[in-house]
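The values are calculated or read from the model by the stated rules, or taken from the named source; none is laboratory data. Model, not experiment: these values are computed from the prediction. Here Cβ is always computed from backbone atoms with ideal geometry, including for glycine, and neighbour counts include all displayed protein chains.
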Amino acid sequence: MAPVQRRGASWGSDRTELLPRGYRVGAWEVTEPIGAGGWATVYAGRSAHDRADDTERTLLPGEQDGDGAPVRGEVALKVMPTARLAPRQARAVAEAARREVELARRAGHPRLIRLLDSVVLSAPECPLLDGAIVLVMERARCSLRDLLDVGVTGAEGGRLIAGICEGLAHLHRSGWVHTDLKPENVLIGFDGSVKLSDFGLATELTGTHGHAAPMGTLDYLPPERWRAPLGDLGVQVRPSADIWALGILVHEVFASGASPFPGATPVARGAAAQEYAEGRVPLRMDTAVPEFWRVLAADCLAPTHAARAVHTAESLLERITAQEGGRAEPTPGSRAKRVWHRTRAAFLAVTVCSATGAAIAVYAGREGPSASPRASGEPPVQIRVFNAERGCQDRADRDPQCSLGLAIDPTRPYTVENVVPTRVWHGDVLDVDCQIPQGQPIIDEEDLKSTRWFRVRVPHADRQATAWLPAVRTKDRPALPRCPHPAAAR
């Protein structure tokens, strides 16, 4: 078995391994990394039996596109290590994988990302990988978040929302609630089809509701979840939670990614949603959202479960279909050819399971600026490192697993090759020179996302070196000059 390289990008990713190209995972082999989250890493891969120049492969048992044609050879490998975790954490990872497998087995649909295989790794020579669970899924072209970053047309937005509704309607009919619907978990296939993904937090209904761990993405939680009592089985979850998240998505699609609730952080926007739900402030939507979609989003964002429950995914889909004149989301078998606003340098696949919400590096393949020091003689500006993981906020305990990596180049993927040897911890104070607004997007443990990076000075051997700290890793927002493009420094 090929040697495995250790990741060092962030707290959480230290628990995973960077698999080299060609690494075998059952009948599959790794081609490149895609992204990393708290307890999983996603790689691009293909069937180990394919030639390098193959674009299609023979179907696995039970696999078939809508028109009977073979699927593409590319897959996504979601690696979920269980070694060196606390027993409770290992059980949580295994349970998340079990849910994804069970949902795929019982509720498969063209609007849900397809699970092709599941593998448990046997790698005694690599203790961190031994026993890891790998879910093999179909590869997607990009996510809805990628499209929101560049904007979508009104007609395209309607098609996307219709596809999401179709997937939700099937999930709910099958007795499941997604519970973590967000743009990162809506994938766009190579043929333009819409597919829901990441069912690690999906909840099976028993009667009118199910029970789930008190987890989720703050920006998409319905108001009642913020105050839901925690019982022995978790918190109660109902399909109306997905409908609330759908309302947020509708607004984001037509308002260039903006939430209908004001606030600089997910917690602040959650507080605004609760203020609205309690009748203290009205629902204010962006004027860019067309009237039909404003009304539909308002129905999805009804402030209580009871008011929201009358708007099912099926009834919403009927309204959208009528409004759109019968234009339906194409099935995967149609192999529709579409022109997209932007092609990513790296295709994105299934969204990483982010049960603990550790920082995620998105491979965007963009060029961006580098940095230069502040003018000679100016006093240094300082910022304090912040780690949103509460268990890592004790400065006296500099646990290596709580250390944070600093990037060499903030415009490149946040992988081990792009991290300086020096690590930092919560509370460390660093001198900072300048900033860039558009680097690699990073999401922290509270789902706060930013593309802003600060150039900081760090000790290296007998001299001062520079590195890059993502803005989500500090609460400070100093007034700093913009750094020049890296090409100017090379």
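Overview of results
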item: Some residue of the stretch 102-119 being small (Gly, Ala, Ser), closer than 27 Å to residue 174 by Cα and surrounded by fewer than 16 Cβ atoms within 10 Å (Cβ to Cβ); result: yes
item: Residue list for the stretch 10-24, filter: in a strand (DSSP E or B) and modelled with pLDDT under 85; result: 17, 18
item: Qualifying positions in the stretch 372-420 - within 20 Å of residue 448 (Cβ to Cβ), of a type in the set (D, E, K, R), at pLDDT below 80 and not in a loop (DSSP other than H, G, I, E, B); result: 390
item: Within the stretch 99-208, strands (runs of 3 or more DSSP E) holding 1 or more residues that are more than 18 Å from the chain's Cα centre (by Cα); result: 115-120, 133-138
item: Per-region count, the stretch 436-490, residues part of a loop (DSSP other than H, G, I, E, B), more than 28 Å from the chain's Cα centre (by Cα), among the charged types (D, E, K, R) and at pLDDT 85 or above; result: 0
item: The lone exception for residue 182 - which of (1) in contact with a Lys or Arg (Cβ under 7 Å, 6 or more places away or on another chain); (2) outside the structural domain of residue 47 (by TED's automatic domain parsing) it fails; result: (1)
item: Residue count for the stretch 66-87, restricted to those that are over 27 Å from residue 192 (Cα atoms), over 23 Å from the mean Cα position of the chain (by Cα) and at pLDDT below 75; result: 2
item: From 148, 128, 121, 168, residue being under 30 Å from residue 438 (Cβ atoms) and either without any contact (Cβ under 8 Å) to a residue 24 or more places away in the chain or among the hydrophobic types (A, V, I, L, M, F, W, C) (or both); result: 148
